[in-house]
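K.L.:
Okay, handing you the structure first.
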Amino acid sequence: MPKKNLNNTATRESILEVVNLAVLLLGAGLILLPLGIVFLTSFAPKGSTITLIPQNGWSLANYQDAWQRGKFLLAFANSTLVALAVTAFQLFSSALAGYALARLKFLGRQVVLLIVLATLVIPFQLLVIPIFLVLKWGHLINTYGALILPTAVNGFGIFLLRQYFLTIPIELEEAAALDGANRWQVLWRVMLPLSRPALVTLFLFTFIGEWNDLFKPLVFTTRPELRTVQLALAEFQEQFTNNWPLLMAAVVIATIPVVILFLFGQRQFIQGIATTGIKN
């Protein structure tokens, strides 16, 4: 190929990269703009409106006031307990079910997989009445069990780990079996350590989903001592509808934990999403 054509091709590729970068930056800016408005407004003095730059100076008083008035300490403790418990249950159940569907040969395996996938298209809200009746029968209404057990098993987690297990060469399991490992040891000592990206992905999805859940606390609990962060935030919003800086400070307080969690696990999260579904 002539040198001139090579230069033209390189120029076009450079321009295309610049355009792609500009589009990505524009998209990122549009997504981050509302978050930036929330964050900056939270520092505005009381009585201010929503703004990008506080006109009358910056203040941290909104955070202290919102933390005390919203009683977020108890809400944070409840949300953390519930989110960690649900996440632990889902990791355990998804690992067992996902490994069984990926490696074990048994009659009706495909039917079970289809049932698991079918649960993904059923909204949780459609099941709330039977779940409520079961919890009431078990005397679990207004307990932590009502916030944990309804989502302790999830079809998405099972399918996610099943797909990731399929990407792991079966020769590794055969080698472990030759060394005397049973199925349980193969799962915990071979498969799960190699599935760290998928496990972190499921952990982030589950924890963030539970942290942001308002539906279960609103339906299954009425006791103030069981208030979660989202329920506390909803009650806070009703009380301080017109106090935008205070309300934005409460929103930032409720958002910070999941943002920090995602920043720590983003690399494993991206790797888990990128490799899930690729079968060797």
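The values are calculated or read from the model by the stated rules, or taken from the named source; none is laboratory data. Computed from a prediction, not measured in an experiment: that's the story for all the values here. Cβ: placed from backbone, ideal geometry, glycine included. Neighbour counts: every protein chain shown.
K.L.:
Taking the options Ala176, Ala181, Ala232, Ala198, name whichever one is touching a Lys or Arg at 6+ places or on another chain (Cβ under 8 Å), modelled with pLDDT of 85 or more and over 30 Å from Pro45 (Cβ atoms). Walk me through it before giving the result.
P.N.:
Details: Ala181 fails: modelled with pLDDT of 85 or more; Ala232 fails: over 30 Å from Pro45 (Cβ atoms); Ala198 fails: touching a Lys or Arg at 6+ places or on another chain (Cβ under 8 Å).
Of Ala176, Ala181, Ala232, Ala198, the one residue that is touching a Lys or Arg at 6+ places or on another chain (Cβ under 8 Å), modelled with pLDDT of 85 or more and over 30 Å from Pro45 (Cβ atoms) is Ala176.
K.L.:
Moving on. In this structure, is Glu173 farther than 27 Å from Leu263 by Cα, among the charged types (D, E, K, R), touching a residue at least 24 places away in the same chain (Cβ under 8 Å) and out of contact with any Leu (no Cβ under 7 Å at 6 or more places or on another chain)? I'd like the intermediate steps shown before the answer.
P.N.:
Numbers: farther than 27 Å from Leu263 by Cα: yes; among the charged types (D, E, K, R): yes; touching a residue at least 24 places away in the same chain (Cβ under 8 Å): yes; out of contact with any Leu (no Cβ under 7 Å at 6 or more places or on another chain): yes.
So Glu173 fits the description; yes.
K.L.:
Taking the range 241-280 as the search range and keeping residues that are surrounded by fewer than 15 Cβ atoms within 10 Å (Cβ to Cβ) and either closer than 19 Å to Leu35 by Cβ or at pLDDT 80 or above (or both), which one is nearest to the chain's Cα centre (by Cα)?
P.N.:
Out of the qualifying residues, it is Phe262.
K.L.:
A follow-up question, please. Name the single residue that is modelled with the highest pLDDT among those in the range 31-56 being under 17 Å from Phe240 (Cα atoms) and of a type in the set (Gly, Ala, Ser).
P.N.:
Selected residue: Ser42.
K.L.:
Let me ask something else about it. Enumerate the pairs (first residue in the range 71-92 and in contact (Cβ under 8 Å) with a residue 40 or more places away in the chain and among the small types (Gly, Ala, Ser); second residue anywhere and assigned to a helix (DSSP H, G or I) and surrounded by fewer than 18 Cβ atoms within 10 Å (Cβ to Cβ)) with beta-carbon separation below 8 Å, excluding pairs fewer than 6 apart on the same chain, so at least 6 apart or on different chains.
P.N.:
So the pair list comes out as Ala85/Tyr144.
Conditions (1) surrounded by fewer than 17 Cβ atoms within 10 Å (Cβ to Cβ); (2) outside any helix (DSSP H, G or I), marked per residue:
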{"residue": "Lys136", "(1), (2)": "yes, no"}
{"residue": "Leu140", "(1), (2)": "no, yes"}
{"residue": "Ile148", "(1), (2)": "no, no"}
{"residue": "Ile158", "(1), (2)": "no, no"}
{"residue": "Gln163", "(1), (2)": "no, no"}
{"residue": "Ile168", "(1), (2)": "no, yes"}
{"residue": "Glu171", "(1), (2)": "yes, no"}
{"residue": "Glu174", "(1), (2)": "yes, no"}
{"residue": "Ala177", "(1), (2)": "yes, no"}
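K.L.:
Moving to a separate point now. Could you list all residues from the range 93-126 that are under 18 Å from Leu147 (Cβ atoms) and either small (Gly, Ala, Ser) or at pLDDT 90 or above (or both)? Give the derivation first.
P.N.:
Within the range 93-126, the first condition is being under 18 Å from Leu147 (Cβ atoms), and the residues that meet it are 93, 124-125.
Once the filter is applied, which keeps residues that are under 18 Å from Leu147 (Cβ atoms) and either small (Gly, Ala, Ser) or at pLDDT 90 or above (or both), the range 93-126 yields only Ser93.
K.L.:
Quick one: count up the residues across the range 179-199 that are on the phi < 0 side of the Ramachandran plot, outside any helix (DSSP H, G or I) and surrounded by fewer than 17 Cβ atoms within 10 Å (Cβ to Cβ).
P.N.:
At the first step, the residues of the range 179-199 found to be on the phi < 0 side of the Ramachandran plot are 179, 181-199.
Filter once more, keeping what is outside any helix (DSSP H, G or I): 179, 181-182, 195.
Going one step further and asking which of them are surrounded by fewer than 17 Cβ atoms within 10 Å (Cβ to Cβ), we end up with 179, 181-182.
Residues that pass the stated criteria total 3.
K.L.:
Given the criteria touching a residue at least 12 places away in the same chain (Cβ under 8 Å), of a type in the set (Gly, Ala, Ser) and under 18 Å from Met191 (Cβ atoms), does Gly98 qualify? Lay out the reasoning, then the answer.
P.N.:
Values: touching a residue at least 12 places away in the same chain (Cβ under 8 Å): yes; of a type in the set (Gly, Ala, Ser): yes; under 18 Å from Met191 (Cβ atoms): yes.
For Gly98, the condition - touching a residue at least 12 places away in the same chain (Cβ under 8 Å), of a type in the set (Gly, Ala, Ser) and under 18 Å from Met191 (Cβ atoms) - is met.
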